[in-house]
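Each remark here refers to the structure printed beneath this line.
The values are calculated or read from the model by the stated rules, or taken from the named source; none is laboratory data. Everything numeric in this text was worked out from a predicted model, so none of it was measured. Heads up, the Cβs are rebuilt from the backbone with ideal geometry, glycines too, and the neighbour counts pull from every protein chain shown.
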Amino acid sequence: MGKRLSEETKRKISMAEKGRQFSEETRRKISEAKKGKHNSEEHNRKNSEAHRGEKHHNYGKHLSEETRRKISQSSKGRKFSEESRRKMAESRRRYLEKQREQTKSSIT
C-alpha cells in the first residue's frame with residue numbers, strides 16, 4: 001500500500017500544509033461531497049477502541065484550575081429542553097435500577 005515516508009519527508013509535508021486555507025468554492029465542494037455520508041458500525045467501533053484509555057490524547061493529563069473554572073462558568077445557568085430533561089431522567093432511572101439489582105444480588 002504505497003511506500004513509507006521518512007520522518008523528514010513527513011515533517012516537510014506537514015510544514016508545507018500548515019496555514020493552508022481553502023477557497024469558499026472548495027469548501028462548498030468538500031461540504032457537498034461529505035453530506036449524507038455516515039461511517040459504518042464497524043468503523044465507529046474500531047475508532048472508539050483506537051481512542052480509549054492510554055491511547056486517548058488527553059490520557060493522564062490534568063486541567064488547570066483556570067480551565068476548570070472556565071468550563072464551570074460556561075455550564076452554569078444552562079437550560080435543557082424538555083426532551084433532554086426527560087431523556088436524562090429516564091437514563092438516571094435505568095442506572096439506579098441497575099445499581100439496586102446489583103446491590104441486592106451482592107447481599108444474597
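When you look at LYS98, is it without any contact (Cβ under 8 Å) to a residue 12 or more places away in the chain, surrounded by 10 or more Cβ atoms within 10 Å (Cβ to Cβ) and of a type in the set (D, E, K, R), yes or no? Answer is yes for this residue. Name the single residue that is modelled with the highest pLDDT among those in the range 48-78 being of a type in the set (Gly, Ala, Ser) and assigned to a loop (DSSP other than H, G, I, E, B). Result: SER64.
Would you confirm whether any residue within the range 22-30 is surrounded by 10 or more Cβ atoms within 10 Å (Cβ to Cβ), aliphatic (A, V, I, L, M) and either in contact (Cβ under 8 Å) with a residue 60 or more places away in the chain or part of a helix (DSSP H, G or I) (or both)? Scanning the range 22-30 turns up at least one residue that is surrounded by 10 or more Cβ atoms within 10 Å (Cβ to Cβ), aliphatic (A, V, I, L, M) and either in contact (Cβ under 8 Å) with a residue 60 or more places away in the chain or part of a helix (DSSP H, G or I) (or both).
Residues are listed down the side, and each one gets a yes or a no for (1) of a type in the set (Val, Ile, Thr); (2) within 17 Å of the chain's Cα centre (by Cα):
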site	(1), (2)
LYS10	no, no
SER14	no, no
ARG28	no, no
ASN44	no, yes
THR67	yes, no
LYS70	no, no
PHE80	no, no
